[in-house]
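Some notes on the structure that comes next.
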Amino acid sequence: MSIVNGMAHVALSVSNFEGSKNFYKELLPFLGLKLVYDGENSVYHVGARTALLIQKCDQKFAGKKFIQGTIGLHHLCFRARTKRDVNLVAKKLFNMGAFIDRGPTEGPWVKGYYYIVFEDPDGIRLEVNYVPGAGVLDKNSNFNPGKDYQ
């Protein structure tokens, strides 16, 4: 039995609020999320069975950058419906001038895993992936940690 029905929302605290606000206000509607709140200290997008809040960080952290691998968030991943959608996101990110770390490319974690990894203006790592079928939940499939998750 499953009690949860997905991830309701994620809240990200950012130091470059104006840059991040503009980045997410351009990217998230492209991904299918609707801007439902645009305030002085936060913006909130909802859609596709998820939501993302972008908010100003505490003043003492202003100007700092995200460091992947420290305590807390490692990266945030959105699931695409098709491999083509990942390619469309890649094109959008390229046109936005976003930093793309990897991809779009195949990943080793499960057969058919296709993804792109990129960063927001604070360096927060984001991913959009496509996994066919039931992915690692398929009875004939196994999760391969690769070199990333050993």
> With each run of n ≥ 4 DSSP H residues scored as -39500 (n - 2.57), what mean residue ellipticity at 222 nm is computed for the chain after dividing by its residue count and rounding to the nearest 500 deg cm²/dmol?
Replying inline: -6500 deg cm²/dmol
> Quick one: helix 83-96 against the long Cα principal axis of the chain, what's the angle to the nearest 10°, folded into 0 to 90?
Replying inline: 30
> What is the distance in Å between the Cα centres of the stretch 113-131 and the stretch 1-70?
Replying inline: 14
> Using the Karplus equation 6.51 cos²θ - 1.76 cosθ + 1.60 (θ = phi - 60°), what ³J(HN,Hα) coupling, rounded to whole Hz, does each residue of the stretch 108-114 give in order, writing x for Gly and Pro?
Replying inline: x, 5, 7, 4, x, 4, 9
> At a Förster distance of 41 Å, what's the computed FRET efficiency of Tyr149 paired with Glu40, Cβ-Cβ distance as r, to 0.05?
Replying inline: 0.60
> Given the Cα-Cα distance of Leu88 and Lys111 and 0.36 nm per residue of separation, how much length would full extension add, in nm?
Replying inline: 6.2 nm
>> So, R0 is 41 Å and r is the distance between the beta-carbons of Leu137 and Gln59; what FRET efficiency does that work out to, to 0.05?
In response: 0.40
> Taking amide H positions as placed 1.01 Å from N in the peptide plane, with prolines and chain starts having none, which residues 5 or more places from Cys77, or on another chain, fall under 5 Å of its amide H?
Replying inline: Glu127
> Given the pairs Lys25/Lys65; Lys34/Lys147; Lys21/Lys111, which are separated by over 27 angstrom at their Cα positions?
Replying inline: Lys34/Lys147; Lys21/Lys111
>> To test your reading of the geometry: what angle, between 0 and 90 degrees and rounded to tens, separates the Cα axis of helix 17-31 from the longest principal axis of the chain?
In response: 40
>> Could you compute the net charge surrounding Asn87? Neighbours are other residues with a C-beta less than 13 Å from the C-beta of Asn87; K and R count +1, D and E count -1.
In response: +3
>> Of the listed values (1) 1.09; (2) 1.47; (3) 1.26, identify the label whose number matches Cα Rg over 2.2 N^0.38 Å calculated from this model.
In response: (1)
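Every read-out reported here was derived from the displayed coordinates using simple, explicitly stated rules and does not represent laboratory data. Remember, predicted model here, so these are calculated numbers, not experimental data. When we count neighbours, we look across all protein chains shown, and the Cβ atoms used for this are built from the backbone with ideal geometry, even at glycine.
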